[in-house]
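Reviewing the structure listed below.
The values are calculated or read from the model by the stated rules, or taken from the named source; none is laboratory data. Predicted model only: the values in this text are computed from it and were never measured. Reconstructed Cβ throughout: ideal geometry from the backbone, glycine too, with neighbour counts over all protein chains shown. Quick note on the areas: whole protein, heavy atoms, side chains included, nothing else; ligands and nucleic acids left out. Shrake-Rupley method; radii C 1.70, N 1.55, O 1.52, S 1.80 Å.
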Amino acid sequence: MAYICLLLSGAALLVNGLTLLGRVPGRDSGVFNVLIGGLQLLLCIAVAVAADGSLPALLSITGTFLFGLTYLYVGLDALAGLGATGLGWFCGFVAAVAVAFAATNVAVDPVLAVLWATWAGLWTLFFLLLALGRDIGRFTAWALVLASQTTTTVPALLGLAGRWPAGGWWTTGAVVVAIAVFVGAAVLARRASPRSTAAAGVDGATPVEHVVAAPTAAV
């Protein structure tokens, strides 16, 4: 179940990143987020019921549950205009939990620990963007697009194939990828984008104000 949710999160992150760049309409993204978030929550509830109080089983779905709530919140905000400040503070909470998961997985699964650290970085960007109003919309968007495939889709496909990455070389590679995601996002964010300017509304609001984005066992 975790790998399936991770794969779904890869799609959600990509769509949300493209939405922030003004390439996907807000309502389209909103519906997609509601579907992804709702499906992840349903899967988590099914696992929780089957777990019958097993703490390890419940712990394994905690991250997916938090990310599913994020996607659902993003979708509802886009469709109903609820406001993103509360979502931003929730993302700050999720980022803190992700840091804890990264720390606890260092000895058990180093690759997963690096992935959790990367996701913590993404949710920190959401917190800065949505709760504190920092002007990092394009940087966040490109980080989402780059992380969507490298930290979710590829690991999910490897896991589904029974080849979840493990070992020193994989860990080193994961660290390199994580750094490349944020460095690459910074480089791409500096480039002028007429399409993003055109996507701004008549009130001067960018896609960030109209649709908020968020990610992601996983995610």
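For the stretch 1-93, the ratio of Cα radius of gyration to the globular rule of thumb 2.2 N^0.38 Å stands at 1.12. Surface analysis of the chain yields an accessible area of 46 Å² per residue, using protein heavy atoms and a 1.4 Å probe.
In the stretch 96-175, which trypsin sites (Lys or Arg not before Pro) are in a loop and have at most 11 other Cβ atoms within 10 Å, using DSSP for the loop call?
Working: sites: Arg134, Arg138, Arg163; in loops: Arg134, Arg163.
When the trypsin sites (Lys or Arg not before Pro) of the stretch 96-175 are filtered for loop state and at most 11 Cβ neighbours within 10 Å, Arg163 remain.
By the compact-protein rule of thumb, 2.2 N^0.38 Å, the alpha-carbon radius of gyration of the stretch 69-109 corresponds to a ratio of 1.52.
For the stretch 56-133, what is the relative contact order in percent, using Cα pairs closer than 8 Å and at least 6 residues apart in sequence? Provide the component values of the computation, followed by the final result.
Working: 69 pairs, mean separation 26.3, N = 78.
Computed value for the stretch 56-133: 34 percent relative contact order.
On a per residue basis, the convex hull of the C-alpha atoms belonging to the chain measures out at 110 Å³. Could you state the number of Å between the C-alpha centres of the stretch 16-60 and the stretch 131-151? So the two Cα centres are separated by 19 Å. Counting only protein heavy atoms and using a 1.4 Å probe, what share of the accessible area of the chain belongs to carbon plus sulfur, as a whole percent? Solvent-exposed carbon and sulfur of the chain make up 71 percent of the total.
One equal scatterer on each Cα of the stretch 111-194, no solvent, Debye formula: the resulting log10 I(q)/I(0) at q = 0.11 Å⁻¹ is -0.33. Put Asp77, Asp109, Asp28, Asp52 in order of accessible area, highest first, and with a 1.4 Å probe you get Asp52, Asp28, Asp109, Asp77.
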